[in-house]
Amino acid sequence: MAQSPVLTPGNVKTVDIGEQAVSFTTTNAFGKITVYSPSIIRVCLDKRPLGKDFSYAVISSPEHNTVKITQDANSITIVTDSLKAVIDKTPFRIAYYTPDGQVINQDEPGFSTSWVGEEVTCYKTLMPGERFIGLGEKNGNLDRAGSGYTNWNSDVYGYLVDQDPLYSTIPFYIGIHHHLNYGVFLDNTYQSDFNFGASNNRFSSFGARGGEMNYYFIYHKNLADIITSYTALTGRMKLPPVWSLGYQQNRYSYYPDTEVMRIAQTLREKKIPADGITLDIHYMDQYQLFTWNKSRFPNPLNLSDNLNKLGFKLTVIVDPGIKVQKGAKAYESGVKDSVFIQYPDKTFYTGQVWPGWCNFPDFTSEKGRSWWRNQVKFFSDNGVSGIWNDMNEISTWGQKIPSNVLFDYDGAMASHLQAHNVYGLEMARSSYEGAKLHFKERPFILTRSGYAGLQRYTAIWTGDNRAEENHMLAGVRLMNSLGISGVPFTGMDIGGFTGGPTTTLYIRWMQIGAFIPYFRNHTGFNSKSSEPWTYGEDALDVIRNYINLRYKLLPYIYSTFYESSQNGLPVMRSLAINNSFDPNVYDAAFQNQYLFGKSFLVAPFESTKEYGKVYLPEGLWYNLYNDEQLKGNQQIIQPLSVSSLPVYVKESSIIPMQSLVQTTAEAPTDTLSLHIYNGNTANEFVYYEDDGKSDNYIQGDYYKRTIKFDPATHSIVFDPVSGKYISKFHHVKLVLHGFDAINQVKINGEVVTVSSGINKMTSALVNNMYSPGATDDKTSAKVFEINFSVGSQKQTLNY
């Protein structure tokens, strides 16, 4: 009888139980199951003895916790405070249970994990009605049930909205069924494939074209906690420089330096707040890295200094390819230090890209990373503040790097098949580490490609999109999925990279841009200019209003980024995070909706629609523009206007705002406006502030204060300040929404009368915002202001 081409583990033969781990052999495999935390179990399985434990993604070690591991003739049982795993011995398979015995997830009984050649796949029983979300930068619906995906980082210029794969790999997803949710992270850098019931009705599966079956199973009652646990494994975002949260102006390409200054000066003249200008590849000398085109940019340091005087930071594009050119400084240095990826015969791999034939640094070696870190000084010396890593999939003309190209892989030596998906991650890491070494302030790092854990070093954008209505909405879904997958700092090319948007599409895209983490306008070469003033004065008025709002919201946005740095939750949040078991949020009609931070519900629609259907989840919601109160758990029909993006505010929200500035380099007034929305549930907001540019916050130089609102007693409490930073705000102005019938509020326990003698006005949040010339008479809602001073470090309020 011929041997089956499919190899299964077979039966468990030997078992070695440790304090928090079980090592075992089966008929055809070697395995180890480790408890990383009460909610995380790691499974490793291979046909060969398990190799050295190494990961580019996972940075944490198992935490000591109480684990009970027992076995009998039929099974091994692992019990933690939060989770139970049962490993059947005959044959080998795993099932995960809640402490009260509900099945969370289990191996498909027929074949659990198996190999076809070097390809290894884990098969899971497909539960009735099971949904799947996440998997990083993936097109398609929010609920990925019925679909399959491949992870192989690819340069996909002008990609279609259903195209797969795209630029980055994050092999982490969340399964949802029967009011249970769990996460699976497959930490394997080979090409990986995920099947969520595509072409079959029996199983979901995940696997890779080589290497070990190495996955982490995560269980929590709340989906948000799964993201927090996943980012505990793979790391969290560092606080970015505050200027990177402002509006960024880019195109492919701005040159010469006089054109760059014209763009900067026009932004200031037209009162369009902005903080960054980005240079694409035409700043280089014949596209050679670590050079400037001296005819276009004769004095880069002078340019960056002049931009800084106007409140702009300069970001430049960086590609990994080093042109093969005798006498070129970077090339000669790389050859001398032997930092480039190689063929097995020790010759450097050469691929063609923008400069011509190039060699490529091996970022999977410490030698290569160190060389790159030193090269980054070139940008620091020229006043650059941000590094934009592009073409790092690796992209070459032909898009077919040979499989036999070798990478150091930190001493393990790997072929291109294993190293490809981590190349972009390690380039971003090297750029970040080099910038930390040489830049005087916090660097901004952006990448196109990456792997799980990229959030430790970089922001990511969704690549070369199209100026089309469906691409705008696909970009929203891509960013929502990246957020579910542990990446908070995300963006897309506003207005579309290829082609030219209609005026209405451009306006709508810019409105959405005001409510995404990385707000960058970008368009391609030989296309219509796409700066805000190029679409006419009426369009500019609307766009400027939304950029203005973005800048007023910077205290809220920066505090939200701080939260992300602490718990891994995204800035831009799919409704599935907080409403995991509500089927409406997965409906195609509503799947583009998201929360911006904890408070704003954004409902994007095509610019061509006159009406849109919006789903408001459970609770009370306020229309941002007129304070109209709307009950949740219902669908509403929203009239659409090109001048207004549908945005709603969650009940009991606490939203800090500042006065309008034209750049984050400009100080706002010393009054912080604190908008509080009445509701039915208690809420708190952690207000955070630091200098926005240094790492002094790590040594405690920050200002942090929890603000609480209890609607049952109409009580507002400012907790004591932590940190030694002196706030730039010396006064707090309370703006109370939905308090029409409320005569008194408590502020830190002291009763304050809200009387008719106090100034009544509509929400300062939307003053002159939603259409040109808007006035406070646009709404009948009454909002009360109370002024009081808050000493920067005092715990008492004087009002």
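Worth a mention:
- Accessible area of the chain divided out per residue, in Å², using a probe of 1.4 angstrom: 35
- Around GLN635: net Lys/Arg minus Asp/Glu count, Cβ-Cβ under 11 Å: 0
- Net charge over other residues, Cβ less than 15 angstrom from the Cβ of PHE297 (K, R count +1; D, E count -1): -3
- For the range 606-665, the share of DSSP beta bridges that are antiparallel, to the nearest 5, is 100%.
- About its Cα centre, the dipole of the chain is roughly 780 debye, where the only charges are +1 on Lys and Arg Cβ and -1 on Asp and Glu Cβ.
- Among the helices of the chain, those built from whole DSSP H runs whose Cα atoms reach 27 Å or more along their own axis and whose mean Kyte-Doolittle hydropathy is at least -1.0 are 416-438.
- Of all DSSP-defined beta bridges confined to the range 232-379, some 55% are antiparallel rather than parallel.
- Projecting the Cα atoms of VAL476, SER529, THR502 onto the charge dipole of the range 471-553 (Cβ charges, centred on the Cα centre) puts VAL476 farthest toward the positive pole.
- Scattering from the range 89-142 was approximated by placing one identical point on each alpha carbon and applying the Debye formula without solvent; log10 I(q)/I(0) at 0.14, 0.32 1/Å stands at -0.54, -1.17.
- Estimated FRET transfer efficiency when R0 is 22 angstrom, pair THR534-THR258 (beta carbons, to 0.05): 0.75
- Most positive-pole-ward Cα, LEU454, GLN249, TYR702, against dipole of the chain from beta carbon charges: TYR702
- Projected over every direction and averaged, the convex hull enclosing the alpha-carbon atoms of the range 430-544 yields 8.0 nm².
- With one equal scatterer per alpha carbon and no solvent term, the Debye-computed log10 I(q)/I(0) for the range 588-697 at 0.13, 0.18 1/Å reads -0.62, -0.99.
- Per residue of the chain, the DSSP helices (runs of n ≥ 4 H) give a summed -39500 (n - 2.57) that works out to -5500 deg cm²/dmol at 222 nm.
- Dipole size of the range 15-152 about its Cα centre, with +1 on Lys/Arg Cβ and -1 on Asp/Glu Cβ: approximately 140 debye, rounded to the nearest 20.
- For the range 234-339, diffusion coefficient by Stokes-Einstein and Kirkwood Rh (Cα), 25 °C, 0.890 mPa s, µm²/s: 158
- Only lysine pairs 8 or more places apart or on separate chains count here, and in the range 1-99 those with Cα atoms under 19 Å apart total 11.
- For a straight C-alpha distance cut-off of 20 angstrom, the lysines reachable from LYS631 (same-chain residues fewer than eight places away being disregarded) are LYS598, LYS613, LYS650, LYS782.
- Share of carbon and sulfur in the accessible heavy-atom surface of the chain [1.4 Å probe, %]: 48
- Since only ASN151, PRO617, LEU279 are under comparison, the one whose Cα sits farthest along the positive direction of the charge dipole of the chain, derived from C-beta charges on Lys, Arg, Asp and Glu, is LEU279.
- Length added when fully stretched, GLN634-ASP81, from 0.36 nm per residue minus Cα-Cα: 195.3 nm
- Other residues within the sphere of radius under 13 Å centred on the Cβ of TYR556, judged by their own Cβ, net out at +2 (K and R +1, D and E -1).
- For the range 282-398: lysine pairs under 24 Å (alpha-carbon distance), excluding those fewer than 8 apart on one chain: 24
- Links that overshoot a 31 Å alpha carbon limit, given the list LYS271/LYS693; LYS528/LYS609; LYS238/LYS270; LYS440/LYS724: LYS238/LYS270
The values are calculated or read from the model by the stated rules, or taken from the named source; none is laboratory data. As the structure is a prediction and not an experimental result, all values here were calculated from the model. Glycine also receives a Cβ, built like all others from the backbone with ideal geometry; neighbour counts cover every protein chain displayed. Surface accessibility is based on the protein's heavy atoms, side chains included, excluding ligands, DNA and RNA. Shrake-Rupley method; radii C 1.70, N 1.55, O 1.52, S 1.80 Å.
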